[in-house]
Every structure is written in C-alpha cells, then in structure tokens.
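Asks: Structure incoming, see below.
The values are calculated or read from the model by the stated rules, or taken from the named source; none is laboratory data. Predicted model only: the values in this text are computed from it and were never measured. Positions of Cβ are generated from backbone atoms using ideal geometry, with glycine treated the same way; all protein chains shown enter the neighbour counts. What goes into the accessible areas is simple: the full protein's heavy atoms, side chains included, and nothing from ligands, DNA or RNA. Shrake-Rupley method; radii C 1.70, N 1.55, O 1.52, S 1.80 Å.
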Amino acid sequence: GRPRARRGVPPGGSGTGAPTARLGHSCVWTGAEMLVWGGHNGVGGEGLGDGALYNPHSDTWRPLSTINAPQGRINHVTAWTGTELLVWGGSRYATTLGDGARFNPATHVWTPMSGLNAPSIRTSAAAAWTGTELVVWGGRYFISTLGDGARYHPASNTWSALPSLGAPAARSNASAT
C-alpha cells in the first residue's frame, strides 16, 4: 500500500524542521525545494505566519525565518518569481488583509511589499506570475465579490491598477495561470 503521512510530515519525509500541520497554506516550487508558508491550524481560523523549505534530494526540512514575516494568513495569493516568494492579501480571523511581503530563501530575508496603489484589501483573489509581474484579480471583501485588480512589479516594488474596460465580471476563488 501507499505510505501514510504523519501529521505535518510527507510520506518518506523527515519530520525534523517540518512545518506544523495546517490547512489553507501556500506552496511553491523554487526549482530545488518546495516552500510551504501560512495557512491555519484548524482552530478558529488563526493564520500561521511561518513555514519551511523541503529539499527532496536530501529529504530535509529547514524552517523559514519569521523575522519581518507578514502576519499569518489564509486565502492569500502567492507567486514564485524565480528568486523570491511573493505573499499578498488573504485573511486572519475575521480581518481581510491588504498587505504583503517578499521572501528570499537564499538570504532568508522577508521584505515588505509596497502598499502604494495596491489593490483594495481582499481574500480569495486569483493571481498569476507573468515572468515579471504578479497579477491579482477579483476576490472578496466580506460579502462583496470584487471585479478589479492590480499588477505588482517586484523590480521596482510598485503596483499598477489593471484597466476596468473589458474586464471580466467580479469573481472570487477563481484560478489563474
């Protein structure tokens, strides 16, 4: 039969340094490691502000720095730029968030993302990495479904609004590629 995972540990994976069990987290592949961040522990929707990198070649986990990390969250958007993890938006408890940060696994440093011209606060937005920009569209703010978005330019740490003319209808929990 198929190996069974222990709580928070993948089948065959070492548990040392692995993140705690969680739901609603994000994962990206860096080209060499799987990066896991955020989510919640299933108790009251508390967002977790930690994570770890898993190296399948050495079968090891290494925790991410939490110094200057964004506050824990669920239903956030993420993207891998080729050198950094981008984390933006989401929610913590009943609070919707409109901030984000960048994590560089080579230096283990978190850097806040600019909030100037960022999309309005939202959770459950669609996001895609274009190769140079993070595009964020739609999502929810409490009971309102949103029909707008913005592009984040990591090279200049700036946001630009997306045009509304010809835009799709408002939506949340949509996927994007």
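Asks: Report the residue, chosen from P56, P119, P163, that carries the largest GNM mean-square fluctuation when the chain is represented by alpha-carbon nodes joined by springs under 10 Å.
Replies: So, out of P56, P119, P163, the one fluctuating most is P163.
Asks: If you don't mind, another one. Of T81, A32, G115, which is farthest towards the positive pole of the chain's charge dipole, taken about the Cα centre with +1 and -1 on the beta-carbons of Lys, Arg and Asp, Glu respectively?
Replies: Highest projection toward the positive end goes to A32.
Asks: Ignoring ligands, DNA and RNA, what percent of the 1.4 Å accessible area of the range 107-177 is carbon and sulfur?
Replies: 58
Asks: So with the 1.4 Å probe, I'd like the accessible area per residue for the range 103-177, rounded to whole Å².
Replies: Values: 4080 Å² over 75 residues.
Result: 54 Å² per residue.
Asks: Accessible area per residue, 1.4 Å probe, Å², for the range 44-100: what's the number?
Replies: With the other protein chains kept in place, the range 44-100 gives 41 Å² per residue.
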